[in-house]
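Peer 1: A single structure is presented below for examination.
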Protein chains: 4
Amino acid sequence: MAPQKLRVGIAGLGRMGKRHANNFHELTPRANVVAASTPDAVERDWAAENLHGIQIFKDYDDMLENADLEAVVVASVTAVHAEQALKAIRKGLHVLCEKPLSIDVNIARSVLSEYEQSLKKHPQQKVMCGFSRRFDASYREAYERVEKNEFGPPVLFRSQTADMHDSSGFFVEYAKTSGGIFVDCSIHDIDLMLWFLGEKRQVKSLQAVGVVSVHPGLELSNDRDNAIATVEFEGGKIAALYCSRMMAAGQEDTSEIICEKGSVRVNMQVRKNHVEIHDSLGARRELPRHYYERFREAFITEANEFTACCLDDTQPPISLQSSVKAVFLGQQLQRSLISGEKIYFGERSIKI
Amino acid sequence: MAPQKLRVGIAGLGRMGKRHANNFHELTPRANVVAASTPDAVERDWAAENLHGIQIFKDYDDMLENADLEAVVVASVTAVHAEQALKAIRKGLHVLCEKPLSIDVNIARSVLSEYEQSLKKHPQQKVMCGFSRRFDASYREAYERVEKNEFGPPVLFRSQTADMHDSSGFFVEYAKTSGGIFVDCSIHDIDLMLWFLGEKRQVKSLQAVGVVSVHPGLELSNDRDNAIATVEFEGGKIAALYCSRMMAAGQEDTSEIICEKGSVRVNMQVRKNHVEIHDSLGARRELPRHYYERFREAFITEANEFTACCLDDTQPPISLQSSVKAVFLGQQLQRSLISGEKIYFGERSIKI
Amino acid sequence: MAPQKLRVGIAGLGRMGKRHANNFHELTPRANVVAASTPDAVERDWAAENLHGIQIFKDYDDMLENADLEAVVVASVTAVHAEQALKAIRKGLHVLCEKPLSIDVNIARSVLSEYEQSLKKHPQQKVMCGFSRRFDASYREAYERVEKNEFGPPVLFRSQTADMHDSSGFFVEYAKTSGGIFVDCSIHDIDLMLWFLGEKRQVKSLQAVGVVSVHPGLELSNDRDNAIATVEFEGGKIAALYCSRMMAAGQEDTSEIICEKGSVRVNMQVRKNHVEIHDSLGARRELPRHYYERFREAFITEANEFTACCLDDTQPPISLQSSVKAVFLGQQLQRSLISGEKIYFGERSIKI
Amino acid sequence: MAPQKLRVGIAGLGRMGKRHANNFHELTPRANVVAASTPDAVERDWAAENLHGIQIFKDYDDMLENADLEAVVVASVTAVHAEQALKAIRKGLHVLCEKPLSIDVNIARSVLSEYEQSLKKHPQQKVMCGFSRRFDASYREAYERVEKNEFGPPVLFRSQTADMHDSSGFFVEYAKTSGGIFVDCSIHDIDLMLWFLGEKRQVKSLQAVGVVSVHPGLELSNDRDNAIATVEFEGGKIAALYCSRMMAAGQEDTSEIICEKGSVRVNMQVRKNHVEIHDSLGARRELPRHYYERFREAFITEANEFTACCLDDTQPPISLQSSVKAVFLGQQLQRSLISGEKIYFGERSIKI
């Protein structure tokens, strides 16, 4: 008998939605995409042509109502992530939700508490936020080596998300609803910071400064195109973050975990592939031009592992609590970036 | 209506057979593996467990007779590549045959001529030898850049296949039937050499020297564990090859195409992934430990592109003539390696 | 006629003093070391043996009084840098003073104002703080490319001074008088930050956090072994600094100048030499183990260029004002590190 | 009392002569350049301006006759290397001779035998051919690691000398007297090959092929602009060489010593300095543009070590026998390159 396959519905078929749909449909042997929903007619046409045999809905609620689903992948615009996740949770469905859960930590918290409620009725239900870098083979090796204590305790986590420059005006438009560069870009670094330094570790203080350099108009959305931050944790751990929308060479997402007896670096010599050119300009390699070019494999692994944890009733690879905490820290960093104030937590914060 | 899927049978379920089976079964959306054959009972058990819904045969001929196939992937031991390919060709099936076609160029030629005959009856039939590196994204970018004349005409092709050291005695055992290191390892470099310098370009001379260093016993099979060669082509092109069974750090397969105005290098800084370690030993990266770890994606692309050319009746990505020429050159290099003689072709050879 | 040579006295013959003495004596063709002073008898013996034909003094004042000097190199312990520089300035001598001028900005300022007074009498007098990285070929190329506007305006300067771990207890002892990690280590990065972003550019705010990880006892000297900082400048420039006393692999001093249309990196792939090892651990290179191993050539260039500016009456390569500002910023960063407060300058600072 | 300094005369003040003169004059504390000879009036003017206090001669013999010399550096054109070396040897002077000793092995041998004769009268006399790479810190580290048996016995030595393309026609003109690309360029690789694999190790066979690609006219001097070779030694060692006059990116001189349990690479990621650029073309570094840019430090070390061995009567760092053998192998490789024949030595050669 053929093994059971997870029946998946995809909410949203924009850039990321199409990728998730393809990954679950074609590259996740234990899953079947059985339905998709999008308000966009062009996207529905794409689905009809590319996702054979699935049901296509204009309306998300319709899909939840009428399709025979076990799991939903929320890949719509950030503004509806939480609402769509909540509805699926209430129906007892497994949910893989694109990052961030929300740009507002209170809304993110409401998803978490709905899930905690739902678990009482549906103890096998899985809800996970899709932080793709956690599924990347390099980040995983780094994590395993640190966990095995190969380099002693971690002291400093340094990480950046730096997008390639886009002169189309996209970033300015996008900033109106993105929650800001720390919520949109750095959320990955924040998630990794929690992963490497301890998801339950208490933050003592954080602080950010930034500038608008190449995307005038970002100020109007309380955003910046380059920003740096420091985060201080209990227990002698610190973190330095950088985010940018201005890279000339490509997507430069890098992380370092500096431990007492060594350090692990990921992506510090990031390259598109294994080609090098020697010509009159010297020796050069090209970089990935966007996030998906670098992390495509991680998204495929994410689809397969999410599917496996639903079918096998195992622990989801990422805890929802941690993802809510990431939203909280992203929001606080953005607040510090705009206000110019250092923010303290715990005892110290009382003095301020 | 769902699109037609290519019905594929897999011959041989050893190490490479399993990989091909999985790639066609799970990661090639336009193909279905419908049958597999292997004389090995353990492998048949593996198939029963892992390739759901397919027919499993002990005997290759049985599979050809009884399964409803459009294409066969020949992934059995090298000794039966040609025979199995011939039988499938005679039935009008598409064939993807693992490299090398044969260790004997005359047998390889017989496969080619059978295919040429068969094409008269089955003009849409595709037969291709699976030189996986041609499907690797880095090699392809290198090829496209050279083809676009970015660096002027190529002058020197330098390439190596260098396996990680295996102290189990495997290489000595394997050498008994492998055809020798130039036919088994360097066949990839030879294929790439033809691709980059011209598949129809005439070879003027070739010459090889080598040693047995770490695998005593190879001499008995007329083989070596490290060898270097030069090849001279008409039209002012030369090639330098290196093959080894002795690498300490991992699989070190590299190629350089040195052109008049620049050069392209592939894998010269090969790495397992995007991790670097800084510790008391310095700064280091790890290497892929075997061929498949580096080229897995290329095999998946191969499966998908072979499938597409069968379904869409387009040109196979690699010509069978070129693959036969590769066997010829591999055999000649091996001959030079053992005899110590330089071998000349064309006019010069008459003098010798 | 042989060209005139600058008559140089060396103050202090500790680790750095010996190096300066050798560089001026043997590798600076236009200079002659004619005298040296040190209170340490062993160091005087070293001088007698290695610096032939020079006068050797126990006492710095004696040397100033009795040797026929045109220039003094102050390479003694930091605590007497300023005092020795002041005395030489008052005698109208040229001065090359090791970094930092002082750990106290007020003392550093007093050196500057003494020099400004002295210039009225000795308009050809040169006084310079020896920030060696400014003489490094790589930093210079980076600076020239940025100055030529190859990458558009700089936005972010990111830099670190990270010493190799020393388990001898040296760092804890040294911290008692070093002024702290931002004054001792990061002073180089601060100097470079001013060089790249503008020596006269106004700082708006700065902030630092840090920890004691591997050198317990540093707290007692108000110091840390790992610290990160952000600095905000007028005109849309920001800087991120890291300093550490804990590196396992070697001296890891790196800088990035991220501009609107590209970035320049220095030392990001720092290596001891051009050797790579491939063995069972992968592919690795070694790093310089200390500052001098990486920057020896820069110190030689510094000696030669300081000599040239004295002999030729040209502008010193580094302005003393900028070096005083570096001390100021180092002290402020150290203050923020210990207090936990963000520090504001200009208008904003009034509110605090 | 000041230590004795070696009194050095420089023969030839062309490109290399000037460098040697400066290195001995200014950067070799134990040497004094006391004289120089060159038939070129412009070069003599340069010496008068730059080498203060030395005697300047038009004629080499005059210098030998009239200057008070202990050592001669032969840096004139290759055609007179041997003759000038012979004359200095006969006068009992120490000699550092630029590579190659001669383009004719018989002449090179005559220098060696003259030296062996002379040693009877002047047992402290030193004669050495200046193979600068042996003084490079990276090559030395590689050699020491191999000598210490860190990676087991060496099996393959692979090395190249690849000059940056020069479109001025220099290489064609130069080829008329250079002895050919294997004698002029590869002589360095040959010297290193002997150093790493054993200076007394017997060669069994060698073979070379090459082409004229970008410097038409080289054929007329029996030369090529790209060539590859294999060399086979007794005892299971092999070597692969590449030489080129066509590099677009810079001087690409690389070597690998592949041993049974690991390998050492030198210059495989050669770079001008520690700068990297990230811009719209990707991530790149520049390369040294010529030999001296990469190996300047090695020449300075050579000057200092040659001086030391003369003053201290220690073994010269490079044996003259080995340098003569290098000329022999260079000439044989050039012969094979032009004739197309593989050349055998020892028993096998009798059969041919």
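The values are calculated or read from the model by the stated rules, or taken from the named source; none is laboratory data. Model, not experiment: these values are computed from the prediction. Neighbour counts are summed over all protein chains in view; Cβ atoms, including those assigned to glycine, are modelled from backbone coordinates with ideal geometry. The area values use the complete protein model at the heavy-atom level, side chains included, leaving out ligands, DNA and RNA. Shrake-Rupley method; radii C 1.70, N 1.55, O 1.52, S 1.80 Å.
Peer 1: Top mean-square fluctuation among D:Asn32, D:Asn267, D:Asn23, Gaussian network model of chain D, C-alpha springs under 10 Å?
Peer 2: The residue that fluctuates most here is D:Asn267.
Peer 1: Enter the angle in degrees (range 0 to 90, nearest 10) between the Cα long axis of helix A:137-147 and the first principal axis of the Cα atoms of chain A, meaning the one along which they spread out most.
Peer 2: Tilt of helix A:137-147: around 60 degrees.
Peer 1: Mind listing, in residue-number order, the residues in region D:7-29 that have at least 20 Å² less accessible area with every protein chain present than in their own chain alone (1.4 Å probe)?
Peer 2: Residues meeting the cut-off: D:Glu26, D:Leu27, D:Pro29.
Peer 1: With every protein chain left in place, what is the accessible area per residue of chain C in square angstrom, probe 1.4 Å?
Peer 2: 37 Å²
Peer 1: If one computes the Cα centroid of region D:275-289 and of region A:38-116, what distance in Å separates the two points?
Peer 2: What the calculation gives is 45 Å, centre to centre.
Peer 1: Which value, in debye to the nearest 20, gives the size of the charge dipole of region B:205-352 about its Cα centre, when Lys and Arg are +1 and Asp and Glu are -1 at the Cβ?
Peer 2: The dipole magnitude comes to about 400 debye.
Peer 1: Given a Förster distance of 22 angstrom, what is the FRET efficiency for C:Leu119 paired with C:Asn66, based on the Cβ-Cβ distance and rounded to 0.05?
Peer 2: So, using R0 = 22 Å, E works out to roughly 0.30.
Peer 1: Quick one: angle between helix B:187-197 and the longest Cα principal axis of chain B, in degrees between 0 and 90, rounded to 10, please.
Peer 2: That helix lies at roughly 70 degrees to the long axis.
Peer 1: Under 1.5 on a/c is rounded, so check that first for region D:114-172, then, if it is not, pick prolate when a/b is larger than b/c and oblate when it is not; a ≥ b ≥ c are the square roots of the alpha carbon gyration tensor eigenvalues.
Peer 2: Judged from the Cα gyration tensor, region D:114-172 comes out oblate (a/c at least 1.5, b/c at or above a/b).
Peer 1: Another question, if that's okay. So which aspartates and glutamates can A:Lys148 reach, going by Cα to Cα under 14 Å and dropping same-chain residues fewer than 8 places off?
Peer 2: Reachable aspartates and glutamates: A:Glu260.
Peer 1: Mind telling me which of D:Gly14, D:Gly130, D:Gly282 comes out most flexible in a GNM of chain D, alpha-carbon contacts under 10 Å?
Peer 2: Fluctuation is largest for D:Gly282.
Peer 1: Sticking with this one: Distance in nm between label sites at C:Ala308 and A:Phe170, each 7 Å beyond Cα in the beta-carbon direction?
Peer 2: Here the answer is 4.8 nm between the modelled labels.
Peer 1: Which whole-number percent is the relative contact order of region B:257-337 (Cα, under 8 Å, 6+ apart)?
Peer 2: 14 percent
Peer 1: Shape verdict for region B:148-283, please, from the Cα gyration tensor: rounded (a/c under 1.5), prolate (a/b greater than b/c) or oblate.
Peer 2: In terms of gyration-tensor shape, oblate.
Peer 1: If I model a spin label at D:Ser280 and A:Thr177 as a point 7 Å from the Cα along the Cα→Cβ vector, what separation in nanometres do I get?
Peer 2: The modelled label-to-label distance comes out at 3.1 nm.
Peer 1: Rg and Dmax of the protein assembly as shown, Cα atoms, in Å?
Peer 2: My reading of the Cα-based Rg and Dmax gives 35.2, 108 Å.
Peer 1: Assign unit charges at the C-beta atoms only (+1 for Lys and Arg, -1 for Asp and Glu), then state the dipole size of the protein assembly as shown relative to its Cα centre in Debye, rounded to the nearest 20.
Peer 2: Result for the protein assembly as shown is approximately 0 debye, rounded to the nearest 20.
Peer 1: If you add up the charges near D:Lys261, with Lys and Arg at +1 and Asp and Glu at -1, over every other residue whose beta carbon is less than 11 angstrom from its beta carbon, what do you get?
Peer 2: -3
Peer 1: Compute the helix-to-body angle for D:15-26: its Cα long axis versus the longest principal axis of chain D, expressed 0 to 90° and rounded to tens.
Peer 2: Once rounded, the angle reads 50 degrees.
Peer 1: A further question follows. Per DSSP H run of n ≥ 4, the term is -39500 (n - 2.57); total these for chain A, divide by its residue number, and report the mean residue ellipticity at 222 nm rounded to 500 deg cm²/dmol.
Peer 2: Helix contribution divided over all residues of chain A: -12500 deg cm²/dmol.
Peer 1: Need the list of aspartates and glutamates near D:Lys272 for cross-linking: C-alpha distance under 12 angstrom, and skip anything on the same chain fewer than eight residues off.
Peer 2: C:Glu141, D:Glu252, D:Glu286, D:Glu293
Peer 1: Where nothing but the Cβ of Lys and Arg (+1) and of Asp and Glu (-1) is charged, how large is the charge dipole of chain D around its Cα centre, in debye to the nearest 20?
Peer 2: 760 debye
Peer 1: For Cα pairs less than 8 Å apart in space and 6+ apart in sequence, what is the mean separation divided by the residue count of chain C, i.e. the relative contact order in percent?
Peer 2: It rounds to 20 percent for chain C.
Peer 1: Just tell me which aspartates and glutamates come within less than 20 Å, Cα to Cα, of C:Lys325; anything on the same chain fewer than 8 places away is out.
Peer 2: In chain and number order, the partners are C:Glu83, C:Glu98, C:Asp104, C:Glu114, C:Glu116, C:Asp184, C:Asp189, C:Asp191, C:Glu199, C:Glu232, C:Glu234, C:Glu347.
Peer 1: With unit charges on the beta carbon (Lys/Arg positive, Asp/Glu negative), name the residue among A:Tyr115, A:Thr38, A:Asn23 whose Cα is farthest towards the positive pole of the charge dipole of region A:6-130.
Peer 2: A:Tyr115
Peer 1: Before anything else, pin down the relative contact order of region B:6-130: Cα pairs under 8 Å, at least 6 apart, normalised by residue count, whole percent.
Peer 2: Once normalised by length, the contact order is 23 percent.
Peer 1: Also, quick follow-up: Output the pairs from B:Lys18/B:Lys99; B:Lys91/B:Lys126; A:Lys99/A:Lys342; A:Lys342/C:Lys200; A:Lys99/A:Lys126 with a Cα-Cα distance over 18 Å in this structure; if there are none, say none.
Peer 2: A:Lys99/A:Lys342; A:Lys342/C:Lys200
Peer 1: Something else about it: Report in % the part of the accessible area of chain D that belongs to carbon and sulfur, leaving out ligands and nucleic acids; probe 1.4 Å.
Peer 2: Answer for chain D: carbon and sulfur cover 48 percent of the accessible area.
Peer 1: Using a ≥ b ≥ c from the Cα gyration tensor of region B:6-130 (square roots of the eigenvalues), is it rounded, prolate or oblate, where a/c under 1.5 gives rounded and otherwise the larger of a/b and b/c decides, a/b for prolate?
Peer 2: Prolate shape, in that a/c is at least 1.5 and a/b is the bigger ratio.
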